[in-house]
1. For the residue pair residue 51 and residue 31, what label-to-label distance in nm results when each label sits 7 Å from Cα along the Cα-to-beta-carbon direction?
2. Just to verify a number: FRET efficiency for residue 12 and residue 68, C-beta to C-beta distance, R0 = 22 Å, to 0.05?
3. If you rank 85, 12 by fewest surrounding Cβ atoms within 10 Å, what's the result?
4. Suppose every Lys and Arg Cβ carries +1 and every Asp and Glu Cβ carries -1, with no other charges. What dipole size does the chain come out with about its Cα centre, to the nearest 20 debye?
5. Can you work out the FRET efficiency for the pair residue 78 and residue 2, with r the C-beta to C-beta distance and R0 = 22 Å, to the nearest 0.05?
6. With θ set to phi - 60°, apply the Karplus curve 6.51 cos²θ - 1.76 cosθ + 1.60 along region 19-24 and write out the HN-Hα couplings as whole Hz, x wherever there is a Gly or Pro.
7. My understanding is that a pair violates if its Cα-Cα distance is over 25 Å; which of 24/95; 38/81; 32/71; 24/74; 71/95 do that in this structure?
8. Would you tally the net charge around residue 24, using a Cβ to Cβ cut-off of less than 13 Å, leaving residue 24 out, and scoring K and R as +1, D and E as -1?
Amino acid sequence: MFKPLVLYDGVLHLGSIYDNTNDKLYVAVNRKGVMDHKVLTDYFRQEMLPNAPDKCVVLMDGHYSHVTNIKLFKLCIESGKDICLICLPSGQTDKLQPLDS
């Protein structure tokens, strides 16, 4: 199981805010508090790839940081794992998201 990603705005990560989470969260910070290429790639590099099985499917919504992230695609290929990244079409998540009921 992967740690959930918690992303907030700022320029400095204050670890003390999350001291009581027992290292069960992956905490990231950037100026806007919005997912971007760097945050997603770092999350994959540090959390998902080391903990993913050798063969897996990753479903993502159509956010630009998912669909246009060449570094992420390259990282997955170079990991040596058989990772299939599937991006749902932008603007269609509410209709296609597999886990929504």
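FYI, it's all coordinate maths here, none of it is from the lab. Owing to the predicted nature of the structure, the values given are computational and were not obtained by experimental measurement. Cβ placement follows ideal geometry from the backbone for every residue including glycine, while neighbour counts extend to all protein chains displayed.
1. Here the answer is 3.0 nm between the modelled labels.
2. Working: r = 28 Å, r/R0 = 1.25.
Taking R0 as 22 Å, the efficiency between residue 12 and residue 68 is 0.20.
3. Numbers: 85 17, 12 5.
Result, fewest neighbours first: 12, 85.
4. Details: 11 positive and 12 negative charges, 44 e Å.
It comes to approximately 220 debye.
5. On the way: r = 19 Å, r/R0 = 0.88.
Computed FRET efficiency for residue 78 and residue 2 comes out at 0.70.
6. Along region 19-24, the couplings run 4, 8, 8, 6, 6, 9 Hz.
7. Values: 24/95 30 Å; 38/81 21 Å; 32/71 21 Å; 24/74 27 Å; 71/95 28 Å.
The answer is 24/95; 24/74; 71/95.
8. -2
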